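K.L.:
My structure is below; once you've seen it, I'll send some questions.
Since every read-out is calculated from the coordinates, none of them should be taken as a lab result. Nothing here was measured: the structure is a model prediction, and the numbers come from that model. Cβ placement follows ideal geometry from the backbone for every residue including glycine, while neighbour counts extend to all protein chains displayed.
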Amino acid sequence: MAQDRIGVMLETVSRLHRKQSLPHLENLLGKTSDTDLIALFKAMLDEESARILPLLPRVKAIRVLRALSTDQRAHLVSLAEIREILPILEELPPDELNQLASRVEKNKQAQIRMLLSMRQRPTTLIDDRMMGCSSKDGGDAASEDEDSPGTEKTTPSEHSPKNLEKAQLLFENIQTFHAKAANRTLQNILAKAYPADLASAFEMLPPETVPELFLLIQENDQRAKVLGELGEALQQAVVEACRLESLPPVVARMAPDKRTDLFSHLDKEVAEKIIAQLDQETKTEIENLLQYPPESAGGVMTSQFFALPEDTLVSEAIAAVRTLPTYEMVFYLYVTDESGRLTGVSSLRQLLLANPRKPLREMMNTRVVQIHTHAPQEEVVEIVRHYRLLGIPVVDEMGVMVGLVTVDDIFPIFQDEVTEDMLKMAGAHSDEIEADSSLPIVRIRLPWLMLVFLGGVMGVGIYHYFEQEVLEMISMIYFLPVVTALAGNVGNQSATVVIRGLRTGEIKANAFWKVFPREVGAGFLMGILTGALLGLTAYILFRNTDLVQVVATAATLTITLSSILATTVPLLLGRKGGDPTALTGPMLTTIIDVSGIASYFLIAHFFID
């Protein structure tokens with residue numbers, strides 16, 4: 001009897017689903033008992049069941065899914081769209097989700113793993129090296145030099161190696177549930193996602209939908225972290241969409257440096273209204289940080305740092321660490337005198353291993369790497385790169401410690417520097433990336449294009465000047481494009497190596513006589529090799545020994561000259577304190593091309609005479 005009832009129900013459900021009578025189908029499924037639903041899905045385990053499962057009431061769907069065997073459940077999930085059954089999968093325990101993920105195809109496995117990572121939301125871990133500790137287990141103390149914040153070579157570990165994939169999956173899930181107006185599920189996703197992943201996903205969404213999604217985030221702490229990770233344009237859009245009275249609790253929870261960045265590019269009137277609603281301590285902190293230029297050490301520092309007077313006992317310092325507020329990064333203990341001037345530093349490991357009865361002045365390291373508030377941010381990057389530090393103390397004119405630049409603040413600056421160098425070498429500018437129309441791009445690129453145009457005109461003049469030689473050996477024109485292309489390529493290679501070495505510090509500006517012979521020697525050897533190959537080609541094609549001599553000699557000398565120019569210009573600029581990328585890109589290419597054409601025809605003129 002029960003079997004007949006299930007058979008009739010199966011036929012009815014299939015018919016309603018084929019006719020897309022979803023309201024009637026949902027009503028029928030909602031009134032069906034759990035026992036019958038489980039029997040129905042076991043009998044109907046095919047693609048149709050995967051489409052019907054999301055139509056069940058959530059509680060019933062979970063009961064049905066958990067009642068199926070592991071193989072049946074995996075088969076059902078393989079047929080279904082993960083986005084449609086995600087609210088149901090969310091209710092499964094982590095061990096069951098893990099087991100399910102191991103049995104489905106790779107792309108769906110990634111989506112389930114993403115769900116798991118959002119649910120677990122582990123706190124960011126810090127390894128021993130980041131805390132200034134030895135990686136070895138046990139009580140053997142490293143020497144002070146090994147443990148010194150000035151010499152420790154540490155690199156932050158990466159705990160999210162597939163950030164882009166996670167952000168893409170998060171973006172797809174948010175987009176799907178937003179289209180379905182599934183706000184409850186969206187709130188759950190937004191609450192559990194990492195702020196950095198959420199900000200990346202928001203950047204992929206249409207800008208007009210971001211403020212609406214931001215307002216679905218319930219906790220102010222999560223809102224503050226996400227707002228701090230967003231780009232400038234989206235930050236402004238979110239602030240404009242929020243009520244002014246709702247922003248101060250969010251802004252107050254932002255890290256001081258992130259908060260300063262936000263106010264530095266907000267409309268002045270809006271910023272003043274928000275600041276007016278903050279407590280006095282936060283107001284003072286914002287005003288102090290906003291007084292520094294945005295691209296200085298003071299402009300990127302945080303006012304949260306761990307510092308104690310030098311007469312503090314080690315035991316008291318350890319107790320202070322335990323009661324320390326939640327700061328952005330705490331790797332080092334900074335020591336100050338009575339006036340607040342920075343006098344020493346200690347890693348947390350040194351602090352724990354020191355005699356508890358000693359004052360900090362007796363165990364601190366007095367060789368403190370520090371930077372002035374108005375130092376350019378490029379100098380901050382250089383110090384971090386050179387000393388491998390996780391934090392640099394920032395001091396004012398009197399030597400009083402006023403802030404800390406942490407390694408996470410350095411990464412965007414370093415990335416901007418690399419991007420700027422690459423764009424300069426191509427004759428472009430970073431403003432082009434965010435340009436709204438073609439006109440700003442044309443204004444930036446046209447001067448460089450005019451430079452190339454002038455170089456071309458000079459090349460035409462050289463052709464005209466050596467017209468007689470061209471007429472006497474017309475076949476040499478065939479090889480000119482090859483020679484100039486080879487010279488330009490060798491020049492670009494030399495310039496790229498030298499400029500990158502100067503920017504990273506691997507090549508010193510005063511190491512001219514070390515770098516110059518190496519690069520020019522490489523250019524000369526490549527010139528000989530390619531010149532010989534071109535000469536051989538000229539002989540095979542034209543059987544003209546004069547042409548062979550012209551082409552082979554011209555290729556060798558032109559390529560050598562190219563490497564000389566490409567090496568000398570950046571090195572001399574670096575030595576004079578200039579920007580080594582200033583004469584690269586279109587300008588250097590034009591110089592190499594014109595000089596290459598001139599040298600080619602001069603050599604031809606010599607041989608013909």
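K.L.:
At a Förster radius of 30 Å, what calculated FRET efficiency corresponds to the Cβ-Cβ distance of Asn288 and Leu352, to the nearest 0.05?
P.N.:
FRET efficiency, Asn288 to Leu352: 0.40.
K.L.:
Between Ser14 and Glu506, with labels modelled 7 Å along Cα→Cβ, what's the label distance in nm to one decimal, could you check?
P.N.:
Here the modelled spin labels are 6.7 nm apart.
K.L.:
Hey, fewest Cβ within 10 Å first, where do Ser347, Ser102 land in order? Please report the intermediate quantities before stating the final value.
P.N.:
Working: Ser347 23, Ser102 11.
Ordered by Cβ neighbours within 10 Å, fewest first: Ser102, Ser347.
K.L.:
Here is the link list: Lys192/Lys258; Lys258/Lys358; Lys166/Lys508; Lys283/Lys358; Lys225/Lys508; Lys225/Lys268. Which ones come out longer than 30 Å on Cα distance?
P.N.:
Flagged as over cut-off: Lys258/Lys358; Lys166/Lys508; Lys283/Lys358; Lys225/Lys508.
K.L.:
State, to one decimal in nm, how far the label point of Glu172 lies from the label point of Glu378, with both points 7 Å from Cα in the Cβ direction.
P.N.:
Each label point lies 7 Å from its Cα, and together they span 4.3 nm.
K.L.:
Here's something else I'd like to know. Which shape class, rounded, prolate or oblate, goes with segment 163-291 when its Cα gyration tensor gives a ≥ b ≥ c as root eigenvalues, a/c under 1.5 marks rounded, and past that a/b bigger than b/c marks prolate?
P.N.:
prolate
K.L.:
For the residues His75, His605, what sequence is obtained by ranking on other C-beta atoms within 10 Å, fewest first?
P.N.:
His605, His75
K.L.:
As an exercise, use a Förster radius of 25 Å and the Cβ-Cβ distance of Leu572 and Val457 to find the FRET efficiency, rounded to the nearest 0.05.
P.N.:
Taking R0 as 25 Å, the efficiency between Leu572 and Val457 is 0.40.
K.L.:
Once fully extended, how much extra length lies between Gln218 and Ser339, figured as 0.36 nm per residue of separation less the alpha-carbon to alpha-carbon distance?
P.N.:
Working it through step by step, the gained length comes to 39.2 nm.
K.L.:
A further question follows. Lys and Arg at +1, Asp and Glu at -1: add these up for the other residues within a Cβ distance under 14 Å of Leu547 and post the number.
P.N.:
Surrounding charge for Leu547 is -2.
K.L.:
Under a crude label model (7 Å from the Cα following the beta-carbon direction), how far is His464 from Arg243 in nanometres?
P.N.:
Between His464 and Arg243, the label points sit 7.5 nm apart.
K.L.:
I would also like to ask the following. By how many nm would the segment from Glu316 to Arg58 lengthen if fully extended, with 0.36 nm per residue of separation less the alpha-carbon distance?
P.N.:
Result for the pair: 87.4 nm of gain on full extension.
K.L.:
Here is a further query. At 0.36 nm per residue, minus the direct Cα-Cα distance, what do Asn27 and Thr323 gain on full extension? Give it in nm, one decimal, please.
P.N.:
100.8 nm
K.L.:
From the phi of every residue in segment 394-399, what ³J(HN,Hα) in whole Hz does the Karplus formula 6.51 cos²θ - 1.76 cosθ + 1.60 yield, where θ is phi - 60° and glycine or proline is x?
P.N.:
Each residue of segment 394-399 in turn: 10, 10, 8, 4, 8, x Hz.
K.L.:
Another question about this same structure. What trypsin sites (Lys or Arg not before Pro) does segment 240-289 have in DSSP loop regions with at most 15 other beta carbons within 10 Å?
P.N.:
Arg243
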